[in-house]
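Right, one structure below, let's go through it.
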């Protein structure tokens, strides 16, 4: 009898048919949060927070609209956000969401030491059941981005198990999460946002190749693919290219070399790139369309600034590229000439030469460095591409030019990259750029009376008519390209209007997942 | 019968008692010397959203701002209370992370272990019995080619032939996508296991085949085998009869002692096939400089390999009584 048990199990397992009848939406776009779905620890940064809802949210044009909040205003002294909450929001366990839950979420996240940065929050407090106040330690308009990313958790049941068994007032509720493998969610019947077109949504994790294999067998409806596969969608699927601000640019050391070093001993400054003429000439010389073709297989667009196409971008700050003649005029006028006839310019015995650092593991940045180097040689600048580990780059990035990438849906990035206080801090302002006028604009932007009012200040920091961090001003960077994020998407799936993607390919596309629709029967 | 077992076990326990602390200190030293900043690894692509003050707060909450000796002392203190610590990468207790992934890895490793032993010993016996003839030459060629093939390459080859080319077997995951675990049949689970198990077992099979073949040949050349052959026993009959015990004892020792390599190979197989086991967690822990998790996985592996070796010694002594006098 015992011996026949395995055989019996085998027979049964072969005989029981699968019970799945409704076809699930299957996405292979990565984005699995190893740490689980706890907003307090940082879940819900880009893309749909799935299980939770936020006070505000960004629409497809990156403008703030209400979600849990029906009304929001910033006090005269710019220190207190006062928000009114909708009264029909309900957690997926059926309990109503009140101001107490919002207060709990914000106060807990402030000190949790996770990936939600709320250091500027002094205190969250409930005024009544549907009104909350968030008091800040100093005026900080970019705090609005937190209102749109921090999902609200239930004060009553939040605990150590929350990350793996989330309960929220968002569009979906968790059915099953097999870590490293698959997440299955279904619509939350208590959601306040309307109907969802799918009975179930599965997120398949694992390698890129596995996702592509699923698409070829028709098992996946949306797959994130690398540029090399971007135009090769299998039958039944279409190629989708989404513009992004996932950008790559050259960060210049701004100070002359005086023997100063960072606390870690890395040299600061470079006499060649400290000359504005060199930085402007690089901006004028770069043929960004050629770089897009070379490094991105054509799947990208030229980058003129750190936030192309976002509301706080200032196109006025850019200068035309692909103009070697103008670049050479700039260099001639500044006294950089090729006296010894080796093809590289000199000035007062100093060769126009620097290293172009890139992480050796990143083939896109490598191609960009090689391409830019080739183009700069044409105007007499010797930019030597140098691959290395991030460690090696960290030791050289304050004295040599480095290929860096940014692109957040949050203007505080503009602040970090260009404010003098962030000189040499982490990877932010590697060039030790400091311009008091720019710093003042950046501070004024943070202290603005509202998000809309701050936009003009962010733009002024890039170029205010006289100075700025953009190429027309100090040319602290030479931006090169914005990546395109490529997907294969089922011909039967309508994704609606899509945002310009941030730095990060894959999960951010789910931002409006709840409004996607099937278009076939 | 058990006269040899007790001294063997006692000796091994003493060895484990000094091996564990030495391994723990060495492993921790290696991890803390790795040129990875755990806070930067944790922040990852969100650099622009996490200001310097929040980074300091993260380091403080997870104890990453303490010097390495203090971190080790606090880890050791927790360990003595039976707590393996908290994994920053997974935001969960290390014991929970390991417990959630160990079954999938053990299923893979266990099946591959048995499959490669049966297949390897069988091929080795056939090769030995047909020494110099075409089955022997074929098996030896295959074994040498396999011994020279990197595991990841074999995996990619298998995927491109059987999953992409022929479409017979799934290329990824432990279950079909889009379905709940409760909706997946046992047959489908086995179906998904085929390629990972084949990859994992094929890679370690070559030494087993060659050693089994060699020890069988040694037996076949012995006077005892010559005597049996003179009475009419064919080589195949000798191989699967009296030769079996000679050859399989050696094969078993070799195979159990190599269990550690199987563990290492599973990291790779899990990465290629998106298998939700400990391998993925190991990679994640290493790239994130997640000290408690790496220590937990490292020590679990050590005990696993140690137990494998101990079982190997016991099995070898059961199979071959001549070894029982040795410690």
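The values are calculated or read from the model by the stated rules, or taken from the named source; none is laboratory data. Owing to the predicted nature of the structure, the values given are computational and were not obtained by experimental measurement. Cβ coordinates were reconstructed from backbone atoms using ideal geometry, including for glycine residues, and neighbour counts include every protein chain displayed.
In the stretch A:377-401, the residue that is farthest from the other protein chains (Cβ to nearest Cβ) out of those that are part of a helix (DSSP H, G or I) and more than 30 Å from residue A:47 (Cα to Cα) is A:377. For residue A:404, the criteria (1) touching a helix residue (DSSP H, G or I) at 6+ places or on another chain (Cβ under 8 Å); (2) in a strand (DSSP E or B); (3) within 14 Å of chain B (Cβ to nearest Cβ) hold in every case but one, which is (1). Would you confirm whether or not the stretch A:371-384 contains a residue that is farther than 24 Å from residue A:225 by Cα, surrounded by fewer than 16 Cβ atoms within 10 Å (Cβ to Cβ) and touching a helix residue (DSSP H, G or I) at 6+ places or on another chain (Cβ under 8 Å)? The answer is yes, given that some residue of the stretch A:371-384 is farther than 24 Å from residue A:225 by Cα, surrounded by fewer than 16 Cβ atoms within 10 Å (Cβ to Cβ) and touching a helix residue (DSSP H, G or I) at 6+ places or on another chain (Cβ under 8 Å).
In the set (1) away from chain B (no Cβ under 14 Å); (2) modelled with pLDDT of 90 or more; (3) part of a loop (DSSP other than H, G, I, E, B), residue A:73 fails one condition alone, (3). Taking the listed residues B:159, B:194, the one that is more than 7 Å from chain A (Cβ to nearest Cβ), part of a helix (DSSP H, G or I) and without any contact (Cβ under 8 Å) to a residue 40 or more places away in the chain is B:194, with no other qualifying. Taking the stretch A:425-476 as the search range and keeping residues that are in contact with a strand residue (DSSP E or B) (Cβ under 9 Å, 6 or more places away or on another chain) and within 14 Å of another protein chain (Cβ to nearest Cβ), which one is farthest from residue A:317 (Cα to Cα)? Applying the filter and picking the extreme gives A:427. Can you confirm whether residue A:224 is within 30 Å of residue B:165 (Cα to Cα) and in contact (Cβ under 8 Å) with a residue 24 or more places away in the chain? Here the answer is yes, as residue A:224 does meet what is asked. All conditions in (1) crowded, with 22+ Cβ neighbours inside 10 Å; (2) away from every other protein chain (no Cβ under 14 Å); (3) not in a helix (DSSP H, G or I) hold for residue B:251, with the sole exception of (3).
Of all residues in the stretch B:33-45, those that are more than 15 Å from residue B:71 (Cα to Cα) have Cβ atoms under 8 Å from Cβ atoms of residues that are surrounded by fewer than 17 Cβ atoms within 10 Å (Cβ to Cβ), 6 or more apart or on another chain, in B:35/A:389; B:35/A:391; B:36/B:287; B:41/B:287. Answer yes or no: is there a residue in the stretch A:184-201 that is within 14 Å of chain B (Cβ to nearest Cβ) and free of Cβ contacts under 8 Å to residues at least 24 places away in the same chain. Taking every residue of the stretch A:184-201 in turn, at least one turns out to be within 14 Å of chain B (Cβ to nearest Cβ) and free of Cβ contacts under 8 Å to residues at least 24 places away in the same chain. Of A:82, A:57, all but one fail to be under 19 Å from the mean Cα position of the chain (by Cα), in contact (Cβ under 8 Å) with a residue 24 or more places away in the chain and not in a loop (DSSP other than H, G, I, E, B); the exception is A:57. Being more than 14 Å from every other protein chain (Cβ to nearest Cβ), crowded, with 22+ Cβ neighbours inside 10 Å and either at pLDDT below 90 or not in a loop (DSSP other than H, G, I, E, B) (or both) is true of residue B:121.
Results for (1) within 14 Å of chain A (Cβ to nearest Cβ); (2) over 30 Å from residue A:40 (Cα atoms); (3) assigned to a loop (DSSP other than H, G, I, E, B), shown as yes or no for each residue.
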{"site": "B:19", "(1), (2), (3)": "no, yes, no"}
{"site": "B:31", "(1), (2), (3)": "no, no, no"}
{"site": "B:56", "(1), (2), (3)": "yes, no, no"}
{"site": "B:72", "(1), (2), (3)": "no, no, no"}
{"site": "B:79", "(1), (2), (3)": "no, no, no"}
{"site": "B:95", "(1), (2), (3)": "yes, no, no"}
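Considering the stretch B:166-191, and only residues there that are out of contact with any helix residue (DSSP H, G or I) (no Cβ under 9 Å at 6 or more places or on another chain) and in a helix (DSSP H, G or I), the residue that is surrounded by the fewest Cβ atoms within 10 Å (Cβ to Cβ) turns out to be B:182.
Based on what the data block shows, is residue B:8 in contact (Cβ under 8 Å) with a residue 12 or more places away in the chain and over 30 Å from residue A:417 (Cα atoms)?
On the way: in contact (Cβ under 8 Å) with a residue 12 or more places away in the chain: yes; over 30 Å from residue A:417 (Cα atoms): yes.
Spelling it out, residue B:8 is indeed in contact (Cβ under 8 Å) with a residue 12 or more places away in the chain and over 30 Å from residue A:417 (Cα atoms).
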